[in-house]
Structures are given as C-alpha cells and as structure tokens.
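First the structure, in the form of structure tokens, and then the observations on it.
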Amino acid sequence: MTLKEKALYNQIHPLKLSTDILAAAVSLYLFWMHQAVPALLLHFVPPLAASWLIIRYVDLEPQKNSVFGRYVAATMTRLIDAVRLFGDLVMIFGAWEQDVTLIVLGLLVIVGAWCNGLIPSKARRKSHG
C-alpha cells in the first residue's frame, strides 16, 4: 500500500476516528474557556500522532477493502478535505466566541463533507450508467 493510500485509509480507522472526535470535543471546551495553547495542542497533536502511528504500524488493508474504504476512495478529494478543515475551523471559532450555533454549523459542514458521496450527482450517474 502506498503512503498516499495509507494517509487516506487511516482516516477511517476506528482509533483515528475516536482520537479525532475525543480531541475535538475536549479542545473545543478549552477553546470555549479561552485556553488557546492547550486547546490548539490538544486539537491537533493527538490526531496527528494517531495518524503517524496508524500509517507507520497498522495494516490498513481491512479499511481499504471495506465498504467505507471504497466510499472514501471514491469521494474523499482534496476539496472535501479542505471543506472538512473549514468546518473544523468554524467549530473552533464558534467555541472561542462561545457560540453554539457556529459550533453546530461547523459540525454540519464536516458531516456534510463526509456524506458528500451520498448525494446523487450527474457526474456519478454518468460514470455508473
């Protein structure tokens, strides 16, 4: 498996997903409390460390060969990654501003980016029809 494939499939490994979710939840609380340095460290370091460890040491073939793996291979583009990052930044800003609406909107952007392949598009219909 190439490094590019490992970088893709590590995103759907249960350890990576749980690290991302837990780090985001705790760090958003710290952003809410205006503790910028610990919030930034917690928000970004554990997910990066988890990715590095998973890419380096974990067999990601099960993720690659799963239904979810095929889905992310087909839909997870650089643009979608950028949209997810934008949603993350909106959540961080919302937490800093103590604005629950912005946090929820950021989360919806992230969920929408993950679900983008579920929305029918002309390009997908042409490639499958």
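Quick rundown of the values:
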read-out: Number of the exception - Ile12 against (1) in contact with a helix residue (DSSP H, G or I) (Cβ under 6 Å, 6 or more places away or on another chain); (2) open to solvent by 30 Å² or more (accessible area, probe 1.4 Å); (3) under 28 Å from Val67 (Cβ atoms); (4) hydrophobic (A, V, I, L, M, F, W, C); value: (2)
read-out: Options Ala49, Ala73: the member that is more than 27 Å from Gly117 (Cα to Cα), of a type in the set (Gly, Ala, Ser) and modelled with pLDDT of 95 or more; value: Ala49
read-out: For Ala23: the one exception among (1) open to solvent by 40 Å² or more (accessible area, probe 1.4 Å); (2) not in a loop (DSSP other than H, G, I, E, B); value: (1)
read-out: Scan of the range 52-70 for residues that are hydroxyl-bearing (Ser, Thr, Tyr) and over 26 Å from Leu118 (Cα atoms), ordered by number; value: Tyr57
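The values are calculated or read from the model by the stated rules, or taken from the named source; none is laboratory data. No experiment lies behind these values; they were computed from the predicted model shown. Glycine gets a Cβ as well: all are built from the backbone with ideal geometry, and neighbour counts include every protein chain shown. Quick note on the areas: whole protein, heavy atoms, side chains included, nothing else; ligands and nucleic acids left out. Shrake-Rupley method; radii C 1.70, N 1.55, O 1.52, S 1.80 Å.
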